[in-house]
1. Scan (1) out of contact with any Gly (no Cβ under 8 Å at 6 or more places or on another chain); (2) assigned to a loop (DSSP other than H, G, I, E, B); (3) over 22 Å from LEU136 (Cα atoms) for the single condition THR14 breaks and write down its number.
2. Which pairs do you get when a residue that is in contact (Cβ under 8 Å) with a residue 24 or more places away in the chain, found in segment 127-153, comes within reach of a residue that is crowded, with 19+ Cβ neighbours inside 10 Å and among the basic types (Lys, Arg), reach meaning Cβ atoms under 6 angstrom, with the pair 6+ apart or on two chains?
3. Can you pull out every residue in segment 181-190 that is crowded, with 17+ Cβ neighbours inside 10 Å and part of a helix (DSSP H, G or I)?
4. Scan segment 257-267 residue by residue and report those that are out of contact with any Asp or Glu (no Cβ under 8 Å at 6 or more places or on another chain) and either of a type in the set (Lys, Arg) or buried (at least 17 other Cβ atoms within 10 Å of the Cβ) (or both).
5. All but one of (1) crowded, with 18+ Cβ neighbours inside 10 Å; (2) within 12 Å of ALA313 (Cα to Cα); (3) in contact with a Leu (Cβ under 9 Å, 6 or more places away or on another chain) hold for THR196; which doesn't?
6. For segment 165-222, enumerate the residues that are of a type outside the set (Val, Ile, Thr) and without any contact (Cβ under 8 Å) to a residue 24 or more places away in the chain.
7. Among the listed residues ILE100, ILE107, identify the single one that is at pLDDT 90 or above, surrounded by fewer than 20 Cβ atoms within 10 Å (Cβ to Cβ), closer than 20 Å to VAL139 by Cα and of a type in the set (Val, Ile, Thr).
8. Please give the number of the condition ASP259 fails out of (1) over 20 Å from HIS184 (Cα atoms); (2) touching a strand residue (DSSP E or B) at 6+ places or on another chain (Cβ under 8 Å); (3) acidic (Asp, Glu).
Amino acid sequence: MTHELKTLIETAITWEKEGLKAVLATVVALDGSSYRRPGVRMLLNNNGHWVGAVSGGCVEKEVYRESQSVFETGVAKMMTYDGRYRLGCEGILYILLEPIALIDGFIDAFFYCLNDRTEFTLTTYYHKKEGVFPGLGSVMHLNNMAFSLQGEDVAENRQGTQEALIFKQSMTPCFKLIIVGAEHDAVKLSQYASFTGWEVTVVAKATETKSNRYFPGATMVQTMVPEEISNLVIDDQTAVVLMTHNFAMDLRYLVALKDKSPNYIGLLGSTRRRDDLLSQLIEYCPEISDEFLEVIYGPAGIDIGSETPEEIAISIVSEILAVTRDRETYSLRKKSGKIHSKSK
């Protein structure tokens, strides 16, 4: 959810520069079932526009209607949305609507935290009933500093929170995908990963001339030799896919990554190619850890019968999501025979 919050904060900054008022809507609690879980947010302005969504599209107009009083008064309030009779979702949403005013200190601290890939927390005070109550609002904790999203002093705004309920979220760094390779299939993977909200870094050969313009949605395109990849920030919220289509290059990148801790490394190609890569990796680096070998997925992707670059990209993105969310799927690395089925 961090990338969604980042988009909302960036939008709030833009709207404030344009002289628009903004209201943040946060689903803080849920009774029953709904399209999305507590913690999802949307941002609305007083010109009738909004970014993000708190449902599949059926609740947003009601949220905007309820937000009008917040635009007028500048005071946060609770609203509820009972989907049992209107949506068939069998759930009641409890949504906090709060005016947004971002001070410079918060903006600097927030983006420093994102760039430094540091975890932070959001604490939201709410009530499970409609109306205006003292102390409603969200506080973001960034590197030992606390900021109210309503722009007021945190200590002053905490009056009345003793009676409030608390919804707390730990926000991890934005998920990042490093694509090693700059061929046509890498372009497709970059596009699909950016659609998912991931930060995408493309690593190309030093002789490669392709730029960010060739990879729409990519955060950056860097040219480097394999041994330089260890200079990139690679943490447990990072996936790496090796798609140079060159066995020796892939091996060099694997060796260079051996002391890093990504949560996923994907290898293109057949099971035989994977076995050969791993065999040579162990030969070059006999001290390689089992933990590192466990995050290597080759052939990369889940078994959905992918053929085209677009389908392969979907397969790889799906597997990375499954690994990150600890969901069991049928990965191609579990397949003993050929990847592709025989043509009919």
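1. Evaluating THR14 over (1) out of contact with any Gly (no Cβ under 8 Å at 6 or more places or on another chain); (2) assigned to a loop (DSSP other than H, G, I, E, B); (3) over 22 Å from LEU136 (Cα atoms) leaves (2) as the failure.
2. VAL132/LYS77
3. Result: ASP185, ALA186, VAL187, LYS188, LEU189, SER190.
4. At the first step, the residues of segment 257-267 found to be out of contact with any Asp or Glu (no Cβ under 8 Å at 6 or more places or on another chain) are 257-260, 265.
Answer for segment 257-267, where residues must be out of contact with any Asp or Glu (no Cβ under 8 Å at 6 or more places or on another chain) and either of a type in the set (Lys, Arg) or buried (at least 17 other Cβ atoms within 10 Å of the Cβ) (or both): LEU257, LYS258, LYS260, ILE265.
5. Just one mismatch for THR196, condition (1).
6. First, pick out the residues of segment 165-222 that are of a type outside the set (Val, Ile, Thr): 165, 167-171, 173-177, 181-186, 188-195, 197-199, 204-206, 208, 210-218, 220, 222.
If the condition is that a residue be of a type outside the set (Val, Ile, Thr) and without any contact (Cβ under 8 Å) to a residue 24 or more places away in the chain, then PHE195, ALA204, ALA206, SER211, ASN212, ARG213, MET220, GLN222 are the ones that fit.
7. Numbers: ILE100 fails: surrounded by fewer than 20 Cβ atoms within 10 Å (Cβ to Cβ).
Result: ILE107 is the single residue among ILE100, ILE107 that is at pLDDT 90 or above, surrounded by fewer than 20 Cβ atoms within 10 Å (Cβ to Cβ), closer than 20 Å to VAL139 by Cα and of a type in the set (Val, Ile, Thr).
8. (2)
The values are calculated or read from the model by the stated rules, or taken from the named source; none is laboratory data. Values in this document were obtained by computation on a predicted structure and should not be read as measured data. Cβ atoms come from the backbone with ideal geometry, glycine included; neighbour counts cover every protein chain shown.
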